[in-house]
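Below is one structure, written out as C-alpha cells; the observations come after it.
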Amino acid sequence: MNVLITLRRLAPLVQTHALAFWGGMLGLLAARLFEAYIPYLLKEGIDYLAATQADSKVAIDFSAKLGPIALGIAGCVTAQIIVTIISRILIRRVGVYAAFELRNQLFNHLQHQGPIFYSGYPIGDLMARAINDITRVRELIAGTSRTTMVLVFTAVVGLVFMLNLSWQLTLAVLIPAPLITFFAHYYAKRIFLKSQKTQEGFAELSTFVQQNLNGIRTVQAMSQEPYELNRFREANQRFADDNIALFSDSSAIGAIMPVIAAVSTLIIIGYGSHLYATDQITLGTFTAFFSYLALLLWPIREAGSIVTQWQRGISGTARVFEILDHPPEISDTTESDHPELTGRIQVRDLSYRYQNKNKDALSAVSFNVDAGETLAIIGRVGSGKSTLLRLFVRLLDPSEGEILLDGRPIQSFPLAYLRQNVCLVLQDPFLFADSLGDNIAYDDPARTTEDIMRSAEIAALTGTIESFPEGIATILGERGVTLSGGQKQRAALARGIIRMSPLLVLDDCFSAVDTETEEHILSGLKNLRQGLTTLIVSNRVSTARHADQIIVLDEGSIIETGSHDTLLAANGFYSDLERKQRFDKVSAL
Amino acid sequence: MTTSQRRDHAIFDADLPGKAMSFADLGRILTWAKPHRGLATVSLALVLIASFLAILLPVIIARVVIDGILIEHPNSTLPDLGLIALTQSLSEISERSPLIIACLLYGVLTIVCHSAYHLHRVTLAKTVMYALRDLRQDLFHHIEYRPSTFFDKVAVGRIMTRVTNDVQALFEMLMGVGMLVGEFVPFFIALGLMLAIDVELTLYLLTALPVFAGLTYIFRMATRKIYREIRNSVSQLNQNLQENLSGIQVVQLSNRESLNFALYKNVNQENQRQEIKAVKLETSYGAFMDNMVNMALAAILWVGGGEVVQQTISLGSLILFTQFVDMFIRPIRVLGQQYNTIFRAMASAERIFQALDWDEQLKEPQAPAVLPQRLSGEITFRNLTFGYEPGLPVLEDINLTIRAGEKIAIVGPTGSGKSTIIRLLARAYDFSDDSIFIDGIDLNTIPSTDVRRRVGVVMQDFHIFEGTVLENIRLGNPEISRSAAIEAARWVNAETFILSLPQGFDTPLNERGQNLSQGQRQLLAFARVLARNPEILILDEATASIDTETEQEIQSALATLTQDRTSILIAHRLQTIQEADRIVVLKHGKIREVGTHGELMALGGIYFTLTQLQFQDLRSIQ
C-alpha cells in the first residue's frame, strides 16, 4: 500500500470532519508565523539596544521604542499558544473520531466472518490489528500528517524570515543540513530495527516465562529448575544487551545531532561576524540567526524519522483494511418470509471440501429426518461429523448438494432466521466471562429465571448452580468461578436447550460428562423435545443408542444406517465400536 | 496443615492502585544496582562534566564573541567563567585572531560535551539494565521454587507480567530518574551564572517557576484520573473484542451480532469521551509549556534592556539570558513527564516485592536422610490423611504397602483421590510426617529434589517445552547423553515415529505439540522418564482415545517401563488394569478394595459391580 492509496482509504474518515481538520492545519500555519515573528521582534530590540551602546542619546526614547517590541513579543506568544491549542485539539479530535469509527467498523465486520476467515487469522493477530494498527492509523491521521505539515510550515516560514534578514548567511547556515537529514534518517532506521528486536526479545522473554510456568509441574517433578534458570538467564541477558544497544543508538543520535548543528552555529559565528564587521548585517540579525537556526533544525532533523512514521502508519492502515476488505463467506438473503418450521430435514448429495485440501471432508451424503425424530451421527475423529453440522447452520456453505428444511433450501431463509430455528451446540463449550445465567440465556437476555432453571435442570446443571452461593448470578471466567470441563459442557448444553428450536443439533456435547449423567440428560431432552427434531453427534455408542436413527460416517461418507439394534446385528463398524468401547471404558468405573 | 494453605493468594489478582513515591521500595531496588556502583559513579561524573560544558557554550557566543569581539565591550566585572581571558591568551600564544580561537573552542567543547553526555547515558543505561537483569533473574528464580500450592492458586499470566512488564516499568522509571540529574545540574549552574550577572532579572524570571510547577502538578493530577479511565476503557474494549472473537461461533449461532455490536459501541463511545478529554488537557498543557517560556523574552528585553542602556549589564549578557531561557524550564517539564512513569513504576515495584517476599515453600527436612545409591522401591502408606483445604480431606486413612518391584493399578471415579496420591509421592504438596515411607524412610526426611529424582512421574498431559525432541527428552539434564536419550526412546517404541519426523531427534516441537498425536506424546513422556531411570514409576494414564496400533505400542512400552521397578499406575484401560500385580480401588478418598483382578471379581464388591455394569450389554446381545 503506498501513500496515495492509504490517503484515499483514510479520506472518508477525515472527510466527515474536513472543516475541523483543514481549519486546524491553517491554524498551525498561523501559529508558525507568530512563532517566527518573535525572534524578529527580539532582533529589533537588540538592534535598538546596540545603537544605545554606540550613542547614548538614542536611549532617550527607550519606552517608546522597546515598549511596543516587548508587548509585541508577549502578544505573539499569547496568540501562538491560543491558536496552537485550538488547532491541535481540532486535528487530534479527528484522529480520535477516526479510531472510534474504524474500531466499530472492524468489530462489526468481524462479527460476520465465518470459520474459513477465522482459520486464516488467529485471534492474537486480529487483536493486534484492532489495538496496535488502529492506533497507528490514528497517529497517522492526527499525529504524523500534522507533524509533516508543521515541519513544512516551520521550514518555509523560518526560511522566509531568515532570507529576508540575510540571504548570504541563510545559505551558509544550511550547508550542514543534508548531513543532518542523512544521519537522522540513517539512525531512525537503525533504531526502528533495534526497537523491533527488543520488542521481539520482550515477547520471547514473556513466552519463555509463560511456557515455563505452564509446565512448572513437569519442571519441578523432573527437578529441572536449574536448567530452566540457565535458559532464562540467556534470554534475560540477550534482552538486556538488546536494550542497551537500542539505547546506545538513540543516545548516539542525540549526541551527533548537536555536534553537526554546531557546524551551523560556527558558520553563524564566523561568517556572521564577518558580515557584521562589514556592516552587511546588524547585531540583532546575528543574534536572531541563532534562534532561527534552532527553529529550522527541528524540521531538518525530523525529516528522517517522519519517513519511518509514515511507513508505520501506512502498514498499519494496510493491515486494518486487509480485514475490512475481506468479503463475508456466507451470503445472506433479504427474503422476509418467515414460515413456522417443523424441523423436517432432507439432505441431498451433500459434499464439502476445505480450501487447499485434495479430499472431500464430506462427499455425497444423503439422508432424511422426519420432524420430531432424533438422529445420531457417529464416526471417528475426522470423519466429517462436525463439517456436516456446520453446514446446517450455514457456518459453511456446501460445495455441492443441498440441505432442505421443511422442503426449502436453507439458503432461502434469512441467516438470522435460520439460526434462530436451527440451534447448534458446539463441541467446544465456550462460555463468556459473564454470569452463568446470562450465559445460558445468551441468545435472549430477556429470558426468565424459570426458563433458565428449567433448561439447567435438563442439562443436569442444577446441582452445580446450587453449589454456588450466588446461583445463576455467579460470574464465570478469570475474575469469577472456573467451571470444570463437564460443567462447562452442560452449561453450553443448557444454552442450546433453552431455545426450544425446531431443530437442535448437538456436536459431541457429552464427551466430558459421565455416562450416567448423559443418560439423565438424554431422557430429559426426549421428554422436553417431543415433536421437535434433534441431531446428536458423538463418538460414543452410549450417546447414540437411543436415537430413532443412527448414521455412521467414515471419511466423509455414510457407511452404515439404521437403529442401534439393526446396526449391532449388522456386525459392521458400529458393532465393532460398541464392543471396543465396552472394554475400554473401565475408567468410567 | 502448613501455613501455606491459609494464605490469601487473591492479592496476586488485585490491581494495585499505585502509591506515591515510596523511598523504601526505591532503596530496595537500588540494592540490585550496588554491584554496578562503579559504572554508576562514572556515569555521574560524566554528567557533571557535560553539564558544565553545556553552560560554557552559550557563554562563548554571548560573552566572548558578542561582548568581547563584536561590540568590544567585554565588561570584565560581569562573569564569563574565565572564557574571555582564555580566548585572549590562546589567541596570543597561537597568533590567531580571537574569533578563530572562539570558534575552535566552541567546536571542541561541543564535541567533548556531547560525547560526555552520550557516555553518561550509555553507562547509566548499563547500570540500570544490569541491575534489572539481576532483579529479574532473582525474581524468576524465586518463583521457580514456589510449591504447587502457589501455582494452584495464582494464574500464570499474573506471575508472568511481574517478571516481564513490571520489571520493564522499573527500567523506564530508573532511566528517567537517572537522567533528571542531567537536567538539574545545568539548571543550577545556569541559575548561579544568571544571579551573578543580574539578580533582579533572574528573580523576575524565577517567579515563573512556581507557576509552571503548579500548573504541571495540576495537569498531572487531572490526567492521572483520565489516563486511568482510558486504560480501563481500552482494556474493556480489548476484553470485549477478545471474548467476541473467541466465542464468535456462539455469537453467530445465537444471533447476538447486533446486540454485541451495540454493547461494544457503548464501550467504544466511553473510550472516545475519555480520549477527547485527554486530548484537550494534553494539548493545552503542552502548547502552554512549550511556548510560554518565550514570554520571558519580553521580560528580558524590557528589564534587561533598561540595564543595558544604563550599562549595568552588557548586551551580550542580555543575549545570554535569552539563551538560558530553555534551560530554565526544562527540569519542570521533564519532572512532569516522569510523574506518571514514577507512579506506575512504584506500583510495579510493589508487585515485584510482593512476589519476592512470598515465602510459601515446601517443608524441607532439617536433617536430610542419607539415601543408598539405589533404593529397592518399597512404598508404605501409613494412616495417610490429606486435604488441599483444611477440613476437606481428599485422602483418608490410607494404609498400604507396595512391595519393591510391584506393579499397582489404582482405579476409581473422578475425584476419588487418585491424582492426589501421585502428587504426594512426587512431593508436590506437604503432608504429615510418618505417613509415607520409601524403603522404610519417611518421605518427609528426604529433600524434595531427591524424592523427585527417585520417583519418575508420567503425567496425563505431557508438557512439551519449546525445543527439539531430544531436548524434550533430556530436559536439560546433563547426566543424560544424546545416546542415552535415543536409547530410552528406542526402549519405549518412540524411536520409529521420531525418526519419521523431518529432522528426527532434532525436530523442533512447539508448546502445543500440534505436530504430535496423543499417542506419540505419551510415548515421549515414557522416554523422558525412562532416560532418568527412577527407582519408582508413577503413571497417570492418558484417557484420550488413541488408535489401536499406537495403543499396542504404548502397552508394550509400558511393560518395559515398569519392569524391575515399583510402579503405580492410575489406570484407565482394562489391559493396563489386568496386567497389574494388584488393583487398588479408591472411592471418596478411601481404599475400598485391594487385590488381583481375580480376587476382586471373586470378592463381589465395588470392582465386581462396576465391571458387571460394563458387561451387561454384552450378555443381552448374546
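A few notes on this one:
- Of the residues A:L171, A:L159, A:L213, A:L229, the single one that is in a helix (DSSP H, G or I) and in the same structural domain as A:L28 (by TED's automatic domain parsing) is A:L159.
- Evaluation of A:V94 against (1) surrounded by 21 or more Cβ atoms within 10 Å (Cβ to Cβ); (2) aliphatic (A, V, I, L, M); (3) within 9 Å of another protein chain (Cβ to nearest Cβ) (one fails), failing number: (3)
- Test: residue in region B:351-358 that is within 45 Å of the chain's Cα centre (by Cα) and among the polar types (S, T, N, Q): yes
- Of the candidates A:T6, A:T78, A:T84, the single residue that is more than 34 Å from the chain's Cα centre (by Cα) and in a helix (DSSP H, G or I) is A:T78.
- Residue that is farthest from the chain's Cα centre (by Cα) [pool: residues in region B:76-130 that are more than 16 Å from B:R63 (Cα to Cα) and aromatic (F, W, Y)]: B:Y117
- Test: residue in region B:213-224 that is buried (at least 16 other Cβ atoms within 10 Å of the Cβ), over 35 Å from the mean Cα position of the chain (by Cα) and over 30 Å from B:S22 (Cβ atoms): no
- The set of residues in region B:450-473 being more than 8 Å from chain A (Cβ to nearest Cβ) and in a strand (DSSP E or B) consists of B:V455, B:G456, B:V458, B:G467, B:T468.
- Residue check for A:R238: facing another protein chain (nearest Cβ under 9 Å) and more than 30 Å from B:C113 (Cα to Cα): no
- Among residues of region A:203-232 that are within 18 Å of B:L362 (Cβ to Cβ), those with a Cβ under 8 angstrom from a residue that is of a type in the set (V, I, T), sequence gap 6+ or separate chain, pair up as A:L213/B:I143; A:L213/B:V156; A:L213/B:I159; A:A221/B:V457; A:S223/B:T449; A:Q224/A:T218; A:E225/A:V219; A:E228/A:V219.
- On the stretch given as region B:368-396, residues that are under 37 Å from the mean Cα position of the chain (by Cα) and at positive phi total 1.
- The single residue among A:Q224, A:Q220 that is at the interface with chain B (Cβ under 8 Å from one of its Cβ atoms) and in contact with a Pro (Cβ under 9 Å, 6 or more places away or on another chain) turns out to be A:Q220.
- Residue ID - surrounded by the most Cβ atoms within 10 Å (Cβ to Cβ), chosen from residues in region A:271-285 that are out of contact with any Leu (no Cβ under 7 Å at 6 or more places or on another chain) and assigned to a helix (DSSP H, G or I): A:G284
- From A:A303, A:A288, residue being modelled with pLDDT under 90, out of contact with any Leu (no Cβ under 6 Å at 6 or more places or on another chain) and more than 9 Å from chain B (Cβ to nearest Cβ): A:A303
- Residues in region A:450-509 that are of a type outside the set (D, E, K, R), in a strand (DSSP E or B) and within 22 Å of A:Q427 (Cβ to Cβ): A:L476, A:L503, A:L504, A:V505, A:L506.
- For region A:251-289, a residue qualifies if it is closer than 17 Å to B:G107 by Cβ and hydrophobic (A, V, I, L, M, F, W, C), and the qualifying residues are A:A255, A:I256, A:M257, A:V259, A:I260, A:A261, A:A262, A:V263, A:L266, A:I267, A:I268, A:I269.
- Output for region A:102-123, where each listed residue is part of a helix (DSSP H, G or I), facing chain B (nearest Cβ under 9 Å) and not polar (S, T, N, Q): A:R103, A:L106, A:F107, A:L110, A:P115, A:Y118, A:I123
- In region B:119-156, residue nearest to the other protein chains (Cβ to nearest Cβ) [restricted to those that are in a helix (DSSP H, G or I), of a type in the set (F, W, Y) and touching a residue at least 60 places away in the same chain (Cβ under 8 Å)]: B:Y130
- Residue check for A:I497: over 18 Å from A:A376 (Cβ atoms) and either within 14 Å of chain B (Cβ to nearest Cβ) or modelled with pLDDT of 90 or more (or both): no
- Condition check for B:L241: more than 7 Å from chain A (Cβ to nearest Cβ) and of a type in the set (A, V, I, L, M): no
- Residue in region B:328-337 that is part of a helix (DSSP H, G or I) and at the interface with another protein chain (Cβ under 9 Å from one of its Cβ atoms) present: no
- Residues of region B:4-37 satisfying the condition of being at pLDDT 85 or above and not in a helix (DSSP H, G or I): B:T31, B:W32, B:A33
- In region B:95-102 there is at least one residue that is of a type in the set (D, E) and either at pLDDT 95 or above or more than 25 Å from A:T282 (Cβ to Cβ) (or both).
- Yes/no for B:T77 being crowded, with 19+ Cβ neighbours inside 10 Å, out of contact with any strand residue (DSSP E or B) (no Cβ under 7 Å at 6 or more places or on another chain) and among the polar types (S, T, N, Q): no
- When B:L362 is tested against (1) modelled with pLDDT of 90 or more; (2) surrounded by 18 or more Cβ atoms within 10 Å (Cβ to Cβ); (3) more than 30 Å from B:L170 (Cα to Cα), only condition (1) is not met.
- Pairing residues of region A:135-149 that are within 10 Å of A:A98 (Cα to Cα) with residues that are outside any helix (DSSP H, G or I) and modelled with pLDDT under 90, at Cβ distances under 9 Å and at least 6 apart in sequence or on separate chains, gives no pairs at all.
- Test result for B:A349, at pLDDT 90 or above, in the same structural domain as B:Y217 (by TED's automatic domain parsing) and surrounded by 16 or more Cβ atoms within 10 Å (Cβ to Cβ): no
- Restricting attention to region B:291-311, the residues that are at the interface with another protein chain (Cβ under 8 Å from one of its Cβ atoms) and either assigned to a helix (DSSP H, G or I) or small (G, A, S) (or both) total 12.
- Candidate set from region A:445-466 (those that are without any contact (Cβ under 8 Å) to a residue 12 or more places away in the chain and within 14 Å of chain B (Cβ to nearest Cβ)); member that is nearest to the chain's Cα centre (by Cα): A:P445
The values are calculated or read from the model by the stated rules, or taken from the named source; none is laboratory data. Keep in mind the model is a prediction, meaning the values are calculated, not measured. Cβ: placed from backbone, ideal geometry, glycine included. Neighbour counts: every protein chain shown.
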